[in-house]
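Worksheet: the structure to be examined is printed underneath.
Throughout, read-outs are computed from the coordinates displayed, never taken from laboratory work. Treat the numbers as computed from the prediction; the structure is a model and nothing was measured.
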Amino acid sequence: MDLSSFITSLLTSFLIFVILMVLFALLSTKPGNAVVYYPNRILKGLDPWEGSRSRTRNPFAWIREAFSSSEQDVVNMSGVDSAVYFVFLSTVFGILLLSGIILVPVLVSLAYTEKNPKIVDSTGKNAFDDLDKLSMAHLKEKSPRLWASVVACYWVSLVTYVLLWKAYKHVSDLRAAALMSPVAKPEQFAVLVRDVPSSSEGYSRKEQVDSYFRTIYPETFYKSMVVTENKEVNKIYDELEECKKKLRRAVIIYEDSKKVNPEGVQPTHKTGFLGILGKKVESIKYYNEKIDELTPKLEAAQKSTLADKQQGAAMVFFTSRVTAAAAAQSAHSRMIDTWTVVDAPEPRQVLWTNLSKTHYERDVRQYVVYFVVFLTILFYMIPIGLISAFTTLPNLRKLLPFLKPILDQTSIRTVLGAYLPQIALIVFLALLPAFLLFLSKAEGITSESHAQRAASGKYFYFSVFNVFIGVTIGGTLFDSLKEIERDPNSIVGKLATSLPGNATFFVTFVALKFFVGYGLELSRIVPLIIFHIKRKYLCKTEEDLKEAWYPGDLGYATKIPNDMLILTITLCYSVIAPLILPFGAIYFGLGWLVFRNQVLKVVVPRYESYGRMWPHIHVRILASLLLFQVTMVGYFGVKKFIYAPVIIVLPITTLIFAIICKKKFYRFFKTTTLEVVASQELKDRPDMETVYKSFIPPSLNTEKGTGESAGVDASKDRQNMETAYKSAIPSSHIAEGPRLDQVV
């Protein structure tokens, strides 16, 4: 990429960001848009603009609010996981800022002032771009100035070690403070028991589990809830809920028609595919009949499920959270494949279908998933390498000669050179996260947060190998294929010399991500347009309206790996092409600001893991640092620097540092320590029946208002809607079914 394309890319991205900032400042002050820009505050019953400067005309008011907010504000609004994410952003920002303060002025000046006789001019096939003269590529082989790069490697590594150590301690304190809260949490009084052996004495699963744990914990055992196979009952429940939702919509449409015609017009629909085909029926009558049909079927399915479909897993409840924490850390059986006891997940994030997977089934699934991920990483590199190679302008001219008249136009060539490879790469990567999350859940993981962490790890390693390594190797091999065929031994040198040249691609990639990506995130243009279209044409009930604007969470499974990719790129090029450091620092600094606003006002977390993602983040930061150190060892070798072995100390130090951190901190993130749960008395003694009912799956939860924390957060909203439409809908159709004690 030449200098003009580089500058065009940066200026255009910045201009887009400014436009999106202005749109955000204008649109966020409109009362009709409050549910798009302040949903978190609205859901918590707060006034969207109370104590806020957001309604002023100053487009930078949100920045002052972000800076003035405290870490406790983040915890109160969006939980500990969100606060931990900001620890990650601030830590990486600190690493890149402290590294850049030293590396940019020193290494850039040394590279630019180097007199390299091999570089004669800035034209010709083997010429350097102006930006390449600011990198290590401009230094001579065996140059004494390479010592500055060696010192820079040590400086970057030292800063990373110190800030990561402080961050680990800080996150540990955050987790401890949250778990020591005097407010009772249902999951603290429960454990998950897997691999329950088959009973040979004629007992039911529930009787077997109750007897086993009552014997071991006679004073604090409360009761157990055996996991059941819920596929059939879930299907009926979902169909019944969908009918109730459509009935409410039909009633609203009928009531609205009375404004035009006092007698009203009965809404109708077709019962076939997508409401386009099939018999035409009156909607209210049809859905009433369907509810009459499905309600007894749900009752029968609930009875059958609870009686005949019990699985080899259970939730066990204790009256003491200290006992629950101790039980989760204890070996209950001599054999590893029976009576496996672990911490219970939050009720709202339990993956019920995975709880009954046996020990060996989980192991087999894990190995199969790892193999599939390995194949995905391996074969995705091929198309990503091709994208990297084909989307450069010289290669497009070779492969698609009919585009030459278009590419010869200066303005088009400049814009395509600035954006085409980056946009193609971003679009291609957007297709992967859902597949990796599916694979993670297929391992037999028990909670949504754990699945998100597992998918995040897979996505990180995929991104590093396919984007960072794939772009570098793919572009170089394609450009130099004939030379490598003539001299295969030159491949290492070609790859090494290509690193500084690829730096400009990655700088514009980073700039595009933070200017355009953060601009779209802050302005929420796409969610705003979708909301207003749905509100005008699709929403009939209050429930429909809420679904139209409900924001969702940060999406850690993709957010953190994308951030990690930027960190990996920035670290690996920090010494080779130090100009990338300011852009990396801006990415994380601006990200801290933008997501501070989003976390306080917009995003609504789906779960709370109390910072359990941090050890995974920590390890991947160190993996990025290790890749940087290994890259520098190889690059110093290409530069024929005879003192290159002094860098070998750094990868060894990184591995030792990782081991020390794991031994010191990790156990507290794996299990809940007894000193934490025993350190403070509970404000109120929890109602154990409420704790028990919070874990009942939605399809078996037969009482209104008892299952919000068990993944049915919309239950309260549905109850309000049912009250509003009770006059139009028969009361028998509002009931969810029999009470659980009646079913049992």
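What's log10 of I(q)/I(0) for region 541-628 at q = 0.14 Å⁻¹, Debye sum over Cα points only, no solvent?
-0.64
Quick one: 3J(HN,Hα) in Hz for region 507-520, Karplus 6.51/-1.76/1.60 with θ = phi - 60°, rounded, Gly and Pro as x.
4, 5, 4, 5, 4, 4, 5, 7, 6, 6, x, 5, x, 5
Taking amide hydrogens as modeled 1.01 Å from N in the peptide plane, which residues meet the under 5 Å criterion relative to TYR222, leaving out close sequence neighbours?
It is PHE317, PHE318, THR319, by chain and number.
Give me the distance between the Cα centres of region 132-184 and region 264-311, rounded to whole Å.
Cα centroid to Cα centroid, the span is 59 Å.
Å³ per residue of the Cα convex hull, for region 581-700?
Values: hull volume 24.8 nm³, N = 120.
Convex hull volume per residue, Cα atoms: 207 Å³.
Could you state the orientation-averaged shadow area of the convex hull built on the Cα atoms of region 148-285, in nm² to one decimal?
Working: hull surface 92.1 nm².
Hull-based average projected area comes out at 23.0 nm².
Under the rule of at least 5 residues apart or a separate chain, name every residue whose amide H is placed under 5 Å from the amide H of THR228.
Amide H to amide H, under 5 Å and 5 or more residues apart or across chains, THR228 pairs with GLN311.
Skipping prolines and chain starts, which residues have an amide H placed within reach, meaning under 5 Å, of the one on THR268, given they are 5 or more residues away or on another chain?
Here the answer is SER283, since their amide H atoms fall under 5 Å of that of THR268.
Round to a whole angstrom and tell me the spacing of the C-alpha centers of region 561-628 and region 325-378.
Between the Cα centre of region 561-628 and that of region 325-378, the gap is 29 Å.
Through the Karplus equation 6.51 cos²θ - 1.76 cosθ + 1.60, θ set to phi - 60°, convert the phi angles of region 337-353 into ³J(HN,Hα) values in whole Hz; use x for Gly and Pro.
Result, ordered by residue: 9, 9, 6, 7, 10, 9, 4, 7, x, 4, x, 6, 10, 5, 9, 4, 5 Hz.
With θ taken as phi - 60° and the coefficients 6.51, -1.76 and 1.60, list the Karplus ³J(HN,Hα) couplings across region 647-653 in order, rounded to whole Hz; mark glycine and proline as x.
With the stated coefficients, region 647-653 comes to 6, 4, 4, 5, x, 5, 4 Hz.
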